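To keep things clear, I will list the structure first and then write my remarks on it.
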Amino acid sequence: MKVILIRHGRTQGNSLGRLIGVTDESLCAEGIEEIRKRTYPHADTVFVSPLKRCVETARLIYGDADLNIVEGMREMNFGIFDNKAHEELKDNSFYIKWLETNCESDVPEGETKREFTDRCTAAFKAALDTAEGDTAFIVHGGTVMAVLSAMTGQEFYSFLLKNGQGYICEYDGKKLTVKDKLE
């Protein structure tokens, strides 16, 4: 089975360098235009995070296709860091520790990277069990990194994507293999 993982289009918060996790914002005009300029692979089944930026991206790419909402594939809950930029957080002791630990430490009022990865991976596997044919996931950059790092054993940040980019993978029922990157 071909599995396509796509990061949603750009939002205003992304443009401003903010950590956008649970904040439910729409695509900005530039993000819409960037998605419209790209070509994406066909998908028979489309899964999507419930947040606006993902649903809007899925509609731009896959039109009137049935969208299967997967709650567990939401972006990480950044807690007190959500919707804030580095400049706003640079003196916050929790944020400093979070950065120093490669984002592994606790996030006040949020979730850990481990909790996030486990949640996303479980949701991804459950979705694949119901998928038919070539399958697309329109989700968040963090979600893509979490799933691919868990499923391939590679380093989390090696799968960092810009908005609108993605990965084309093959799934044999057990193993997920990255085949190509959508630039």
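Points worth noting:
- A dipole drawn for the chain from +1 and -1 charges on Cβ atoms has a positive end, and of Cys54, Gly133, Ile69 the residue lying farthest that way is Gly133.
- Cβ charges +1 (Lys, Arg) and -1 (Asp, Glu), total dipole of the range 137-183, debye: 40
- Across the chain, Cα pairs under 8 Å and at least six residues apart give a relative contact order of 32 percent.
- Over the chain: helical MRE at 222 nm, DSSP H runs n ≥ 4 each giving -39500 (n - 2.57), nearest 500: -10500 deg cm²/dmol
- In a fully extended conformation the segment linking Glu30 and Ala126 would gain 31.2 nm over its present Cα-Cα distance, using 0.36 nm per residue.
- For the range 84-171, alpha-carbon Rg over 2.2 N^0.38 Å: 1.24
- Between the range 124-176 and the range 60-77, the alpha-carbon center distance in angstrom: 13
- Put in line by how crowded their Cβ is, counting other Cβ atoms within 10 Å and starting with the fewest, Thr177, Thr45 read Thr177, Thr45.
- Largest-first principal axis extents, alpha carbons of the range 41-96, Å: 47, 20, 17
- Considering all C-alpha pairs of the chain, those separated by over 29 Å amount to 17%.
- In the structure shown, the pairs Lys113/Lys179; Lys37/Lys181; Lys52/Lys179 are assessed against 19 Å; a Cα-Cα span above that value is assigned to Lys113/Lys179; Lys52/Lys179.
- As a rough footprinting exposure proxy, the listed residues Leu148, Leu60 were ranked by other beta carbons within 10 Å of their own, and the order from fewest upward is Leu60, Leu148.
- Dipole in debye (nearest 20) - the range 78-125, about Cα centre, beta carbon charges: Lys, Arg +1; Asp, Glu -1: 240
- Each Lys and Arg contributes +1 and each Asp and Glu -1, all at the Cβ; summed about the Cα centre of the chain, the dipole is approximately 360 debye.
- Counting Lys and Arg as +1 and Asp and Glu as -1 over every other residue whose Cβ lies under 14 Å from the Cβ of Glu132, the net charge comes to -3.
- Between amide H atoms placed 1.01 Å from N, distances below 5 Å from Lys84 occur with Leu19, all of them 5 or more places distant or on a separate chain.
- For Phe78, the amide hydrogen comes within under 5 Å of the amide hydrogens of Gly21, Val22, counting only partners 5 or more places away or on other chains and with H modelled in the peptide plane.
- A simple packing score, the average count of other Cβ atoms within 10 Å per residue, orders the peptides 18-26, 116-124, 137-145, 1-9 as 137-145, 1-9, 116-124, 18-26, with the highest score first.
- Computing Rg and the Kirkwood Rh from the Cα coordinates of the range 1-60 gives a ratio, Rg/Rh, of 0.97.
- Packing-based exposure ordering (other Cβ within 10 Å, fewest first) of Leu51, Leu128, Leu160: Leu160, Leu128, Leu51
- Contour minus Cα-Cα distance for Glu100 and Leu160 (0.36 nm per residue): 19.7 nm
Each value in this text was obtained by applying a stated rule to the coordinates, not by laboratory testing. The model shown is predicted, which means the values in this text are computed figures rather than measured ones. Neighbour counts are summed over all protein chains in view; Cβ atoms, including those assigned to glycine, are modelled from backbone coordinates with ideal geometry.
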